[in-house]
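None of the figures in this text is laboratory data; all of them are computed from the coordinates on show. Because the structure is predicted, anything quoted here is derived from the model rather than measured. Here Cβ is always computed from backbone atoms with ideal geometry, including for glycine, and neighbour counts include all displayed protein chains.
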Ligand SMILES: NC(=O)c1ccc[n+]([C@@H]2O[C@H](COP(=O)([O-])OP(=O)(O)OC[C@H]3O[C@@H](n4cnc5c(N)ncnc54)[C@H](O)[C@@H]3O)[C@@H](O)[C@H]2O)c1
């Protein structure tokens, strides 16, 4: 029921981070997976690694998801190579930090352009293919807990709220073609996006999360395989929150623990270290490089008085 053997998938933003995690999980379940990204060097490494490690077909396709013509060519390239497409995972996304009172219109347009419009262009192209082939299909978008809580800024949170509503609308429209459209909402994930997050902030996240550790791309393996497989055939229009209970936390007192968390601080950063190795970025023992996203490091240092 959970097997993806013989299925053909594509994942956008799959060179590193959450997308690489999704592609890994789909390959582990038996699917052939196209690695779609703008980062050619890292994307090619990821595709080669997945093909070798899991014995599936995997190749890299360069595509900027903000360009509808590139997205159409990308879906065609995947169908040409694999002979079909069953699963489209639309994950490419960015955040640009900054208070809203001074936020630049270019930054707003870039975040909305990649996170919301890019995901929509991909879903639309995958949907067109699924409608044409008359065998249904699975579309999975990456939203975020930022669609539910106010933790970043208006552009990022609005883009993710938009992804959730876009997912629901497409699910309502395309159920008649046997197309399932769902999204996954992670919490703070240790991808390169968070490689400049100081240790003090990671510790704070652990303390505020009932399951007690910082989320890794690996924590999305099960959820993405579920939504890609026959196990979720009657699930559509859903935003699957995978946050270790982070957004449940309304206690005034600190959370206590009776057992150690399932994942240790050393294990939290195993995937992130592999990403940084693939990107050729140096890091310390905690997989931190403050220069990768200096704006993130600076904002957290100011907020935490570090
Ligand atoms: N890391 C987190 O804490 C977190 C939490 C919730 C949701 N998310 C979401 O998960 C998704 C993946 O995030 P991540 O943490 O792995 O980020 P990341 O920065 O580590 O990786 C993003 C990947 O997307 C690619 N990309 C960027 N712009 C692109 C474009 N225009 N076209 C194609 N590819 C592009 C990058 O090259 C990179 O490989 C994003 O949508 C993000 O908003 C992240």
Assigned to a loop (DSSP other than H, G, I, E, B) and touching a residue at least 12 places away in the same chain (Cβ under 8 Å): does that describe residue 244? yes
Residue list for region 121-154, filter: over 17 Å from residue 37 (Cα atoms), within 11 Å of the ligand (Cβ to nearest atom) and part of a helix (DSSP H, G or I): 145, 146, 147
Report whether or not residue 218 is without any contact (Cβ under 8 Å) to a residue 12 or more places away in the chain, surrounded by fewer than 20 Cβ atoms within 10 Å (Cβ to Cβ) and within 21 Å of the chain's Cα centre (by Cα). no
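State yes or no: is residue 236 surrounded by fewer than 19 Cβ atoms within 10 Å (Cβ to Cβ), under 30 Å from residue 175 (Cβ atoms) and in contact (Cβ under 8 Å) with a residue 40 or more places away in the chain? Before the answer, list the steps.
Values: surrounded by fewer than 19 Cβ atoms within 10 Å (Cβ to Cβ): no; under 30 Å from residue 175 (Cβ atoms): yes; in contact (Cβ under 8 Å) with a residue 40 or more places away in the chain: yes.
No, not satisfied.
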Can you tell me which residue within region 191-203, out of those that are away from the ligand (no atom under 14 Å from the Cβ) and touching a residue at least 12 places away in the same chain (Cβ under 8 Å), is farthest from residue 12 (Cα to Cα)? 200
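Among residues belonging to region 178-190 that are part of a strand (DSSP E or B) and away from the ligand (no atom under 12 Å from the Cβ), point out the one that is surrounded by the most Cβ atoms within 10 Å (Cβ to Cβ). Can you show your working first?
Filtering region 178-190 down to residues part of a strand (DSSP E or B) leaves 179-186, 189.
Then drop every residue that is not away from the ligand (no atom under 12 Å from the Cβ), which leaves 179-182.
On the way: 179: 22, 180: 24, 181: 28, 182: 25.
Filtering first and then ranking leaves 181.
Residues being more than 15 Å from the chain's Cα centre (by Cα) and surrounded by 15 or more Cβ atoms within 10 Å (Cβ to Cβ): count how many of those fall in region 166-177.
Result for region 166-177: 6.
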Pairs please, first residue from region 133-162 and farther than 17 Å from residue 122 by Cβ, second anywhere and more than 14 Å from the ligand (Cβ to nearest atom) and part of a strand (DSSP E or B), Cβ atoms under 9 Å, 6+ apart in sequence or on different chains. 136/179; 136/180
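Could you name every one of the helices (runs of 4 or more DSSP H) located completely within region 263-306 that has at least 3 residues being in contact (Cβ under 8 Å) with a residue 24 or more places away in the chain, closer than 18 Å to residue 189 by Cβ and in contact with a helix residue (DSSP H, G or I) (Cβ under 7 Å, 6 or more places away or on another chain)?
Values: elements: 265-268, 270-279, 294-304.
Because the criterion is at least 3 residues that are in contact (Cβ under 8 Å) with a residue 24 or more places away in the chain, closer than 18 Å to residue 189 by Cβ and in contact with a helix residue (DSSP H, G or I) (Cβ under 7 Å, 6 or more places away or on another chain), the helices (runs of 4 or more DSSP H) in region 263-306 that meet it are 270-279.
Could you pull out every one of the helices (runs of 4 or more DSSP H) wholly within region 1-120 that has 2 or more residues that are within 21 Å of residue 184 (Cβ to Cβ), in contact (Cβ under 8 Å) with a residue 40 or more places away in the chain and more than 9 Å from the ligand (Cβ to nearest atom)?
Values: elements: 17-28, 40-54, 68-82, 105-111.
Where helices (runs of 4 or more DSSP H) fall fully within region 1-120 and carry at least 2 residues being within 21 Å of residue 184 (Cβ to Cβ), in contact (Cβ under 8 Å) with a residue 40 or more places away in the chain and more than 9 Å from the ligand (Cβ to nearest atom), they are 17-28, 68-82.
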